[in-house]
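Just so you know, all these numbers are worked out from the coordinates, no wet-lab data involved. All figures in this text were calculated on a predicted structure; none of them were measured in a lab. Backbone-built Cβ (ideal geometry, glycine too); neighbour counts: all protein chains shown.
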């Protein structure tokens with residue numbers, strides 16, 4: 001128990017390989033509330049924001065003020081599955097206020113971000129899950145919906161006794177909503193006909209270039225604006241500074257694939273064609289992998305074993321001159337206890353290749369479909385992603401999810417990186433990678449192995465990628481795409 005006794009409940013659970021124990025709750029069960037999910041008016045209100053431009057007008061969510069939407073849930077405990085991630089470090093500091101305002105307690109189950117999925121899958125498939133609210137990575141959304149593990153959200157937002165009339169759904173960054181929350185549209189994951197809302201962004205990210213302006217200025221370099229400039233800069237920057245030129249993820253599986261995708265998309269790559277046939281092994285994929293190999297060779301020692309936290313630490317501790325990855329770096333530079341670079345870092349757009357493109361991804365919140373406390377879980381979700389709490393989590397080191405936060409003059413003065421982020425959001429690529437249930441098998445399996453082989457020089461880039469085309473085709477055929 002943390003904080004003042006009786007004020008709020010917050011527990012950390014570390015999973016040591018065993019099955020998570022069942023939690024006993026004395027709170028009354030709350031059924032899935034709300035009006036029909038098939039209501040056309042509700043769908044128009046909720047998904048309007050996904051069709052407008054990133055900084056377009058906001059449409060209100062239909063709702064009426066409840067006298068006290070929290071009263072009947074006082075004393076309930078929401079079990080919340082969260083990752084070991086900088087945004088959620090900041091979020092933890094907000095939970096005492098939520099309990100003080102609502103009387104709803106929060107029990108936090110926290111785990112490594114890569115192990116978290118396995119823990120959630122085991123729990124959410126139960127007839128009654130222990131988890132009520134879960135954090136998920138954007139690429140998991142299709143699989144979670146296909147396996148009926150998370151609940152659609154429109155009914156909650158349409159429930160006048162639950163929904164906050166001041167929530168302003170369309171103020172959420174539309175491309176974050178589209179990427180994190182929508183399932184069932186074109187390709188199964190893009191906005192358009194058939195799309196339904198299953199999550200809201202919380203810790204959503206795009207990519208950005210961070211660099212040590214003091215070191216670049218000292219040695220007469222300018223931050224790279226294009227991939228041609230980036231490629232030319234790597235070797236001389238390492239030689240003159242004695243540091244890693246550009247840090248990167250590189251650990252086999254998800255991490256090295258993520259690093260490769262950063263360059264693959266900017267260089268004009270597409271993973272599949274319209275018939276779901278592989279394109280990743282063609283020129284753009286090979287170029288991106290060859291560049292990743294050079295980044296590993298001129299970067300800080302250990303890139304082939306680097307997870308996200310490792311690569312971020314190498315930048316924060318002054319071992320690397322540049323960083324090209326998630327916008328989570330904004331808060332980490334200011335707030336991480338590892339940071340030795342605060343006041344020395346500037347930010348720029350993800351360099352232009354054949355086009356401007358930046359990552360779509362990061363984290364969102366979803367309600368467990370088999371939760372007995374789904375309504376209380378929705379209240380926590382709604383509170384955390386409200387306008388006021390979006391600004392609060394940023395002040396504690398998290399990332400913004402709302403247009404109003406990015407546009408607030410006081411926030412921009414305090415966080416000038418918002419100027420770059422606002423521009424970068426215009427280039428977010430919603431088809432950055434295929435967000436299908438089969439992606440995790442491809443990503444952590446054959447593709448993750450091939451990228452690591454090409455990056456470390458075990459195989460030439462073209463052979464490493466070419467060797468897995470048949471395996472990826474087999475996965476897609478077995479899943480019914482061909």
Longest principal axis of the chain (C-alpha) makes with the long axis of helix 374-384 (C-alpha) an angle, in degrees to the nearest 10, of 50
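Please work out how much length the chain gains when fully extended from residue 440 to residue 412, using 0.36 nm per residue of separation minus the C-alpha to C-alpha distance, in nm with one decimal.
Contour length minus the Cα-Cα distance gives 6.4 nm.
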Helix-only CD estimate at 222 nm, as mean residue ellipticity for the chain, using -39500 (n - 2.57) per DSSP H run (n ≥ 4):
-11000 deg cm²/dmol
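I need 260, 439 ordered by Cβ neighbour count within 10 Å, fewest first.
With the sparsest Cβ surroundings first, the list reads 439, 260.
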Three-way shape label, segment 363-443, alpha-carbon gyration tensor, a/c 1.5:
oblate
Counting only DSSP beta bridges with both residues in the chain, what percent are antiparallel, rounded to the nearest 5?
60
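Rounded to the nearest 0.05, what FRET efficiency do residue 225 and residue 479 give with R0 = 60 Å and r taken as the Cβ-Cβ distance? Could you check?
After rounding, the FRET efficiency stands at 0.90.
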So what's the gap between the Cα centers of segment 227-289 and segment 84-101, to the nearest angstrom?
35
Counting other beta carbons within 10 Å of each residue's own, what order do 176, 167, 202 fall into, fewest first?
167, 202, 176
Relative to the first principal axis of the alpha-carbon coordinates of the chain, what is the inclination of helix 113-124, with its axis defined by its Cα atoms, in degrees from 0 to 90 and to the nearest 10?
30
Hypothetical label at residue 279: residues of segment 391-435 whose amide nitrogen lies under 17 Å (7 Å Cα-Cβ projection)
429-435
Normalised by the number of residues in the chain, what is the relative contact order in percent for Cα pairs under 8 Å and 6+ residues apart?
23
Taking 212, 413, 115 and counting other C-beta atoms within 10 Å, the order from fewest to most
413, 115, 212
Equivalent ellipsoid semi-axes for segment 239-380, as square roots of 5 times the alpha carbon gyration tensor eigenvalues: give them largest first, rounded to whole Å.
28, 25, 14
